[in-house]
Amino acid sequence: MSSTVPTHSGTAAQAGLAERRTSLRLPAALLLVGQLLYIVVTQLHADGDANNHPAVFAEYAHSGIWTAVHLGQFVAMAVLLAGLVALFSALDVPATPASWARRFGAACAVASLALYGVLQAVDGVALKQAVTAWAGAPDAEKPARFATAEAVRWLEWGVRSYQNIALGLALLLLAVVVVRRTRLPRPVAYLIALSCITYLVQGWVLGAEGFSHTETIAIVLAFGLNVAWMTWLIVVAWRPTPTETRRFPR
């Protein structure tokens with residue numbers, strides 16, 4: 001008759017698994033909270049035809065919450081990217097190619113946050129000031145003011161493009177680490193990889209043509225995929241191990 005008492009090595013392995021899951025809890029929570037907060041704050045953003053500059057600049061100029069919304073987006077993105085860096089740290093792997101993917105992925109996440117800070121300074125502050133100056137300028141000055149606002153807008157496209165690419169690369173490297181060297185369910189890596197693709201598409205489209213319907217579709221897909229894999233990570237992080245189940249039976 002086989003014994004039901006766990007061996008010492010089995011108990012140690014289960015304890016190690018429980019510790020790894022516990023280390024995922026803070027990153028998982030930061031990621032999901034940051035993403036959900038970002039989605040909520042973004043609903044307050046002015047919603048005009050972004051490539052119809054005369055109409056949308058007038059809408060931006062009369063928005064009383066423009067700067068506050070962009071500050072809220074920055075805070076939400078900072079929480080999300082802090083969770084991503086913490087997740088790379090929690091996924092401790094041996095000295096293998098996967099460990100280099102972990103390091104470079106964390107570096108890409110930090111670069112993405114830096115670029116997002118520049119983006120919100122350009123979009124949330126510089127563009128707001130430029131369009132407000134254009135809207136209130138005398139007719140003789142309006143063409144020059146409008147040209148300045150468009151230049152700021154194009155700078156926004158460039159920064160946002162590279163920020164999306166940096167975030168996409170961070171997610172690609174995270175997917176590699178999850179597939180190669182962790183006990184997380186492999187489908188989580190596939191969802192992360194799909195999310196990576198949506199950010200790379202956003203970066204390319206923004207750099208090539210600015211805001212467009214294609215970019216909007218990619219944003220919505222990124223939101224959905226992120227919420228899916230982040231929620232799955234939450235479930236994995238808080239799911240009780242067999243040791244915990246025996247310790248606290250129902």
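Values in this text are rule-based calculations from the coordinates and carry no lab data. Quick caveat: nothing in here was measured; it's all calculated off a predicted structure. No Cβ is skipped: glycine too gets one built from the backbone with ideal geometry, and neighbour counts run over all protein chains shown.
Laid out as a table, the results:
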| read-out | value |
| --- | --- |
| Theoretical gain in end-to-end length, residue 121 to residue 99 [0.36 nm per residue, Cα-Cα removed] | 4.6 nm |
| Whole-number percent relative contact order across the stretch 69-132, with pairs defined as alpha carbons under 8 Å at least 6 apart | 47 |
| Per-peptide average of other Cβ atoms within 10 Å, ordering 58-69, 74-85 highest first | 74-85, 58-69 |
| Mean-position separation - Cα centroids, the stretch 204-231 and the stretch 34-61, in angstrom | 15 |
| Relative contact order [Cα under 8 Å, 6+ residues apart], the stretch 23-234, whole percent | 24 |
| Contour excess over end-to-end distance, with Cα ends at residue 209 and residue 186 and 0.36 nm allotted per residue | 4.8 nm |
| Range of Cα positions in the stretch 23-234 per principal axis (Å), largest first | 65, 28, 25 |
